[in-house]
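*Asks:* Just passing along the structure, written as structure tokens.
The values are calculated or read from the model by the stated rules, or taken from the named source; none is laboratory data. What you see is a predicted model, and the numbers here were worked out from it, not measured in a lab. Glycine also receives a Cβ, built like all others from the backbone with ideal geometry; neighbour counts cover every protein chain displayed. To get the accessible areas, we keep the full protein, side chains included, count just its heavy atoms, and leave off ligands, DNA and RNA. Shrake-Rupley method; radii C 1.70, N 1.55, O 1.52, S 1.80 Å.
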Amino acid sequence: MQDVEVEQEYISMLYGRLDSLRERAAGWLAETLITTVASVDQGMSERDSAAAEWSRRVGQLEAAEHGLCFGRLDLDGGETRYVGRLGIVDEDGDYEALLLDWRAPAARPFYVATAARPEGVRRRRHIRTRLRAVTRVDDEVLDLTDPAAAGDTGPAGEAALLAALGAARTGRMADIVETIQAEQDHVIRAPHGGVLVVQGGAGTGKTAVALHRAAFLLYTYREQLARRGVLVVGPNSTFLRYIGEVLPSLGETGVVLAPVAELFPGVVADRAEPPEVAELKGRAAMAEVVAGAVKDRQHVPDGALVLHIDGDPVRIPAAAIRRARTAARRTRRPHNEARPMFAEQFVATVAAEYAADLGERSGAGRSLAGVSGELDLDLLTAQLAGHPAVLDALDRLWPGLTPQRLLAELFLSPDRMAAAGVPEPERDLLLRLPDGGWSAADIPLLDEAAELLGVDDRALRAAEEARRRAEIDRAQDVLDILAGSGSQDLDEVLDATENADRLSAVDLIDAERLAERHETGDDRTLAERAYDDRTWTYGHLVVDEAQELSAMAWRLLMRRCPSRSMTLVGDVAQTGDLAGTGSWQAVLEPYVGTRWRLERLTVNYRNPAEVMAVAAGVLAAMDPPVEPPRSVRETGERPWAAPLETLPEAVKAEQEAVGDGRVAVLAPAGRVPELRARLGLAEPDLTEPVVVLSVREAKGLEFDSVLVVDPAGILAASPRGANDLYVALTRSTRRLGVLHDGPLPAVLGALAG
């Protein structure tokens, strides 16, 4: 290795001399050769991994701003452990752990130890900090022989937990790394293989658990996941902005966060879709419709096809076209990738028929054949391949298609929908206007189409190979120069070193490898590359509000994670989307059968008992009734109801009550514009003191105070209106009010009087 280091110095010296040499070698060597030889023992993938690791470490340092150390464990035998957001070791000594990463196995007792099962812990200390200052210290004594442990039966770190729950919301989700509870820790640290479903009622911390689980998996299985990454899927962009700071605060930046609507690169899904149309597009049967639409574009006419080539009619029998289609389909390749086979056979048929016609009329080939006298059929075929009439016929018989073109032309034509297998009553629902844009419900259909169509990238691959060969030739020229075969000036430079026995660049690298290292490369992060690549497959998939996804959305997500390493969190009692599910088994059985695990979160940390007493009436009215999660606290603030006309005054009063906290007005989607105008509010910004949202927009979010507007309208807006009302009522961490312009629904009987 010492010789290589010396050679690096030698090449650096050579770089200074090359700066004045001929353009053939100087500029290119200046850009490539130094860094190439300097890293000759390190592959490109290794350097990419190193860059990713340094990026992660920078993220960890930024995470320290959130409070590096938050806990201490005093163990039996006198050992003390400090627990924090990331691990720190004493590198000057024997690598003793100064601070345990919260995800390390040795840190687990901080979250699961109790007085009944102390896990060897005598005392647990919670340390709250603000910047560099310690603002609060809370101790829990777990040694039952110590009088201080008597009667301690509350949640782990109860004082710290209640302080965190009572803190004002900021419009951004905070991590719970300091207050993870035992049942949450059990889910977070579960092995990453297979499908884990986490069912939990409102306020049980499903989202926080899912995000902390992603951070735990990246820590524990970094080698396996670093190459493929983790995808976190949420219900909408508003929700993802809300949770977007959690993983960076935990030192993890290599995660892709996206709603299903953003999982088809290049398409912006911003068109509103009626619920009944979205539900129809989400059905599993739409996969057969898309497949039928692709087959319909592989067309064989009922009779012979007549082409006009330079004024001469050429008759192509339908049977010949059918044979070409059969040959292309037998390749079992996607539509666009099988198209060259169809085109080859079709053009050959056209050439044969045209040649036969020419022979019958004149007994010899015309100028189109490229020769006088005897016909050159191969040349004729090559020339016909680019003829406008032939190309037009190919576009009608087996067109090259994008997913966008396939679906746009399908939904513009009742006849195409009929051919694809869409039942007649549903065609009117799916019929759309030209240039109508795309909706979130279209994204899984586009993805399905992309799988069936494929990409004919022959020309691209040929161009790439030509470019690569040119780079190798260029590299060989430079190595020839360094070997003394190309430039007397360089020979003199090399001779002047008087070190002929040392290694040179030509001893360390060949032309192909040098050309590879000259590649500019992709300087995007793994997350950026994965986000832009529809075919990227992830090492692990996390889905929040998973109950809302349609059958077609699940097909898309399963393609993103073929290993089926997944964490799915949700609550079937909160399913509001008509295309969503009421059964985890129904979702997963087509993909993994019974090979999935279910964990439940049963404690409500968000909603005080007073709020859940109101929401419980809605759960009891569901079919079947649902048991509400147990609230961990009471606030003494009783929910109330008032006429809708008092909305402005109610908003002002709630702002005063929560101080620096956040107030949300939640209403049926149809009333949101009216309410925003009434309150003088623009589009929602969760960091603002007051926002007006539809129930769907509020999914997964939480606010200090919630005002639910028109509960009867929420119930009536959808067949799953009860689920939506339950969601609206359970967004509050402190205060709840209901504003109505008619009688209160019976399910809100707890508010009567």
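*Asks:* When the convex hull of the Cα atoms of region 174-229 is projected onto a plane and the area is averaged over all directions, what value comes out in nm²? Could you put the intermediate results ahead of the total?
*Replies:* Values: hull surface 17.1 nm².
Averaged projected area of region 174-229's Cα convex hull equals 4.3 nm².
*Asks:* Can you give me the distance in nm between label points at A418 and A613, each placed 7 Å from the Cα along the Cα-to-Cβ direction?
*Replies:* 6.2
*Asks:* Next up: Would you please give the FRET efficiency between A653 and V134, computed as 1/(1 + (r/R0)^6) with r the Cβ-Cβ distance and R0 = 30 Å, to the nearest 0.05?
*Replies:* Values: r = 36 Å, r/R0 = 1.20.
My answer for the efficiency is 0.25.
*Asks:* Hey, for a label at R405 modelled as a point 7 Å past Cα toward Cβ, could you say which residues of region 299-343 have their backbone N under 15 Å away?
*Replies:* Within reach of a label on R405, which here means backbone N under 15 Å from a point 7 Å along Cα→Cβ, region 299-343 contributes 299, 335-340, 343.
*Asks:* Less than 20 Å from a label point 7 Å out along the Cα-to-Cβ axis of A356: which backbone N atoms in region 278-309 qualify, by residue?
*Replies:* Output list for this probe position: 300-309.
*Asks:* Students often check this: by mean Cβ neighbours within 10 Å, which of 581-587, 188-194 ranks highest, and how do the rest follow? Walk me through the intermediate numbers first.
*Replies:* Numbers: 581-587: 15.3, 188-194: 17.3.
With the highest mean Cβ count within 10 Å placed first, the list reads 188-194, 581-587.
*Asks:* Let me ask something else. Going Cα to Cα from K295, which lysines come in below 30 Å? Please leave out same-chain ones fewer than 8 positions away.
*Replies:* K281
*Asks:* With each label point set 7 Å from Cα along the Cα-Cβ vector, what nm distance links E674 and T646?
*Replies:* Placing both labels 7 Å beyond Cα along the Cβ direction yields 2.0 nm.
*Asks:* Quick one: accessible area per residue over region 600-753, 1.4 Å probe, rounded to a whole number of Å²?
*Replies:* Details: 6390 Å² over 154 residues.
That works out to 42 Å² for each residue.
*Asks:* Moving on. Might you work out the accessible area of W438 for me, using a 1.4 Å probe with all protein chains in place, and round it to the nearest 10 Å²?
*Replies:* Estimated to the nearest 10 Å², W438 gives 40 Å².
*Asks:* Give me the number: length gained by fully extending D660 to A466, i.e. 0.36 nm times residue separation minus the C-alpha to C-alpha distance, one decimal in nm.
*Replies:* Details: separation 194, 0.36 × 194 = 69.84 nm, distance 6.26 nm.
Net length gain for the segment: 63.6 nm.
*Asks:* Between M622 and H308, how high is the FRET efficiency from 1/(1 + (r/R0)^6) when r is the Cβ-Cβ distance and R₀ = 45 Å? Nearest 0.05. Provide the component values of the computation, followed by the final result.
*Replies:* Working: r = 67 Å, r/R0 = 1.49.
Computed FRET efficiency for M622 and H308: 0.10.
*Asks:* Can you tell me how much longer the chain between V572 and D76 gets when fully stretched, taken as 0.36 nm per residue apart minus their C-alpha distance, in nm with one decimal?
*Replies:* Working it through step by step, the gained length comes to 174.2 nm.
*Asks:* Placing one identical point scatterer on every Cα of region 300-359 and ignoring solvent, what is log10 I(q)/I(0) from the Debye formula at q = 0.13, 0.15, 0.16, 0.22 Å⁻¹?
*Replies:* Per q value, in the given order, log10 I(q)/I(0) is -0.36, -0.46, -0.52, -0.85.
*Asks:* Go ahead and run the numbers for FRET between R283 and E223, Cβ-Cβ distance against an R0 of 35 Å, rounding to 0.05.
*Replies:* Working: r = 40 Å, r/R0 = 1.14.
Given R0 = 35 Å and the Cβ-Cβ separation, E is 0.30.
*Asks:* Please report the relative contact order for region 592-672, taking Cα pairs under 8 Å with a sequence separation of at least 6, and give it as a percent rounded to a whole number. Provide the component values of the computation, followed by the final result.
*Replies:* Values: 50 pairs, mean separation 21.0, N = 81.
So the answer I get is 26 percent.
*Asks:* Continuing with the same structure: Cut-off 14 Å, label point 7 angstrom out along Cα-to-Cβ of A389: give me the residues of region 314-343 whose amide nitrogen falls inside.
*Replies:* Of the residues in region 314-343, 314-317 have backbone N under 14 Å from the label point off A389.
*Asks:* Could I ask something else about it? Once both labels are modelled 7 Å past Cα along the beta-carbon direction, what's the E245-V592 spacing in nm?
*Replies:* For E245 paired with V592, the spin-label model returns 3.3 nm.
*Asks:* To continue, here is another question. At 0.36 nm per residue, minus the direct Cα-Cα distance, what do T170 and D473 gain on full extension? Give it in nm, one decimal, please. Present the calculation step by step, with values, prior to reporting the outcome.
*Replies:* On the way: separation 303, 0.36 × 303 = 109.08 nm, distance 5.91 nm.
Gain on extension, T170 to D473, equals 103.2 nm.
*Asks:* Hey, can you rank 692-704, 561-573, 220-232 by average C-beta count inside 10 Å, highest first?
*Replies:* Numbers: 692-704: 23.2, 561-573: 21.4, 220-232: 18.8.
In decreasing order of mean packing, 692-704, 561-573, 220-232 become 692-704, 561-573, 220-232.
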